[in-house]
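Colleague: Mind looking over this structure? Questions follow.
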Amino acid sequence: MNQANKFFEYQNYEPISKERAPILIAWHLQTPENAGHLMRLAANVGCRLVLFVKEEEEVNFKSAKMKYVAGQAAKNINWKYCLPQEVEQMVPSDYTFIALETSPESSNLYNEVLPEKMALMVGSERSGIPVDVNYPNQQNVHIPMHGMVKSMNVSHAASVCLFEWVRQHTIHVE
């Protein structure tokens, strides 16, 4: 047993029920490492599903590299590749799409109450979420950047948003 597992064995953090656990959707990622990091993050938070959205002509990641980075998470979470037109069908209708994106209509993540049932979308390392992605009731949020660098790695940005959701929607037992 590693040190982290030993530590959390004695904590009282209840798992998030599948009925309200977040869904993580990654659009057109370029690297298997980032996909692996997102899978591991999803397992840390307790996401019910991770979707890797790719066009038919896009090559799927080399599974070995992605699974190596994800570690045990690759075996312990539900994840799939899907086409853009399949995304809405794979997300329950009572979930709200949240686009984590720097756009003129995005609002500061920390000024928003995130929905209890959230489908978090993150975009390609190069181009973000495609501009034509817009679901009913979608909210667009960004992470405020106070330093000189104004961008984050996709898995780091997803971490900030998912753990803000955890902070807002879980009861902390101390």
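Just so it is clear, none of the values below were taken in a lab; they were calculated from the coordinates. None of these values were measured; they are calculated from a predicted model. As a convention, Cβ positions derive from the backbone with ideal geometry for all residues, glycine included, and neighbour counts pool all protein chains shown.
Colleague: Calculate one ³J(HN,Hα) per residue across the range 128-140 by plugging θ = phi - 60° into the Karplus curve 6.51 cos²θ - 1.76 cosθ + 1.60, and present them in order as whole Hz with x for glycine and proline.
Modeller: For the range 128-140, the Karplus curve yields x, 7, x, 5, 8, 7, 7, 9, x, 6, 4, 10, 10 Hz.
Colleague: Arrange the peptides 163-169, 101-107 so that the one whose residues have, on average, the most other Cβ atoms within 10 Å appears first.
Modeller: Working: 163-169: 15.1, 101-107: 12.6.
Ranked by mean Cβ neighbours within 10 Å, highest first: 163-169, 101-107.
Colleague: Out of all DSSP beta bridges in the range 20-169, what portion is antiparallel? Express it as a percent rounded to 5.
Modeller: Counting DSSP beta bridges with both partners in the range 20-169, the antiparallel share is about 5 percent.
Colleague: Right, next: Just from the alpha-carbon atoms, what are the Rg and Dmax of the range 1-82 in angstroms?
Modeller: Expressed in Å, the Cα Rg and Dmax of the range 1-82 come to 13.9, 47.
Colleague: Using Cα pairs under 8 angstrom and six or more residues apart, how large is the relative contact order of the range 46-156, in percent?
Modeller: Numbers: 120 pairs, mean separation 29.4, N = 111.
Reported as a whole number, the value is 26 percent.
Colleague: How large is the helix-only mean residue ellipticity at 222 nm for the chain, computed as the sum of -39500 (n - 2.57) over DSSP H runs with n ≥ 4, divided by its residue count, in deg cm²/dmol to the nearest 500?
Modeller: Helix contribution divided over all residues of the chain: -8500 deg cm²/dmol.
Colleague: Follow-up question, since we're still on this one. Can you compute 3J(HN,Hα) from phi for each residue in the range 96-112, using the Karplus curve 6.51 cos²θ - 1.76 cosθ + 1.60 with θ = phi - 60°, rounded to whole Hz and x for Gly and Pro?
Modeller: 10, 7, 10, 9, 8, 7, 8, 9, x, 8, 7, 10, 4, 3, 7, 9, 10
Colleague: Now for a separate question. In straight Cα distance, which lysines are under 26 Å from LYS80, not counting same-chain residues fewer than 8 positions off?
Modeller: LYS18, LYS54, LYS62, LYS65, LYS67, LYS117
Colleague: Sorted by packing (mean other beta-carbon atoms within 10 Å per residue), highest first, where do 27-35, 109-117 land?
Modeller: Output ranking for 27-35, 109-117: 27-35, 109-117.
Colleague: Apply the Karplus curve 6.51 cos²θ - 1.76 cosθ + 1.60, θ = phi - 60°, to the phi angles in the range 71-81 and return the couplings in whole Hz, x for Gly and Pro.
Modeller: x, 5, 4, 4, 8, 10, 10, 8, 9, 8, 8
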